[in-house]
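Visitor: Please read through the structure below; I'll follow up with questions.
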Amino acid sequence: MAAPQTQTPPAKQEQSGSLPPLTRRELLNYIWLGSLGVFLAEMGGIGLIFAFPRFREGEFGGKFTLGAVQEVFPEPDGDPIPLNEGKFWLVRTEENQILAVYRVCTHLGCLFNWQPSEHRFICPCHGSQFELDGTYITGPAPRSADRFVIELVDPASGQVVAQTDKFGNPLGCTR
């Protein structure tokens, strides 16, 4: 007697132009790569937003309109005036020079205060001390306090009358 023969079904013919079905592993790989791409695009966009400075007038890093020299600036060798919006002290030295001294200590970034009894700026965190013009005296700070650039503008014409250099060195003033 003869053994029964089994017939194999004919192979499925692939239709031209159709894609083979995705396996589960391929689908998960595509989802993972897609979510990674979205995450990187978001991080790149956020990085670009933070990379460009946004200095506005009257805010830190922007320009401040203070008014007339006689009204706003301190007396020569008097106590400095704090401008909290700009994070600086407005100072007038004995030599009648005007400075804008950055309020942040050059040691670790603490906000230092003016001590009128000692006639100097003293950092409350680690004790760095600076003279009225921001020159380093003592303490752990590695250098003198930073200074901002100041421009004196004629209100009638809008022209710059005097300006400090890019390092904020003192601006002479007559009164």
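The values are calculated or read from the model by the stated rules, or taken from the named source; none is laboratory data. What you see is a predicted model; the values in this text were computed from it and never measured. Quick reminder, even Gly has a Cβ in these numbers, built from the backbone with ideal geometry, and neighbours come from all protein chains shown.
Visitor: Assuming residue 98 fulfils every condition listed in (1) part of a strand (DSSP E or B); (2) on the phi > 0 side of the Ramachandran plot; (3) not acidic (Asp, Glu) apart from one, which condition is it?
Guide: So the condition that residue 98 fails would be (2).
Visitor: Checking the conditions here, which among 8, 106 is of a type in the set (S, T, N, Q) and modelled with pLDDT of 80 or more? Step through it out loud before you land on a result.
Guide: Details: 8 fails: modelled with pLDDT of 80 or more.
Exactly one residue qualifies, and that residue is 106.
Visitor: Taking the range 145-165 as the search range and keeping residues that are surrounded by 13 or more Cβ atoms within 10 Å (Cβ to Cβ) and either in a strand (DSSP E or B) or at pLDDT 85 or above (or both), which one is nearest to the chain's Cα centre (by Cα)? Give the steps one after another, and end with the answer.
Guide: Filtering the range 145-165 for residues surrounded by 13 or more Cβ atoms within 10 Å (Cβ to Cβ) gives 145-150, 152-153, 162, 164.
Among the residues that remain, those that are also either in a strand (DSSP E or B) or at pLDDT 85 or above (or both) are: 147, 152-153, 162.
On the way: 147: 16, 152: 25, 153: 27, 162: 27 Å.
Only one residue fits best here, namely 147.
Visitor: Sticking with this structure for a sec: What residue, among those in the range 77-123 that are within 16 Å of residue 136 (Cα to Cα) and of a type in the set (A, V, I, L, M), is nearest to the chain's Cα centre (by Cα)? Don't jump to the end; show me each part of the working.
Guide: Narrowing the range 77-123 to residues within 16 Å of residue 136 (Cα to Cα): 89, 91, 93, 99-115, 118-123.
Applying the additional criterion that residues be of a type in the set (A, V, I, L, M) yields 91, 99-101, 104, 108, 111, 122.
Details: 91: 24, 99: 22, 100: 18, 101: 17, 104: 13, 108: 16, 111: 16, 122: 24 Å.
Once the filter is applied, the top-ranked residue is 104.
Visitor: So is residue 64 of a type in the set (A, V, I, L, M, F, W, C), assigned to a loop (DSSP other than H, G, I, E, B), surrounded by fewer than 12 Cβ atoms within 10 Å (Cβ to Cβ) and at pLDDT below 80 or not? I'd like the intermediate steps shown before the answer.
Guide: Values: of a type in the set (A, V, I, L, M, F, W, C): yes; assigned to a loop (DSSP other than H, G, I, E, B): yes; surrounded by fewer than 12 Cβ atoms within 10 Å (Cβ to Cβ): no; at pLDDT below 80: yes.
No.
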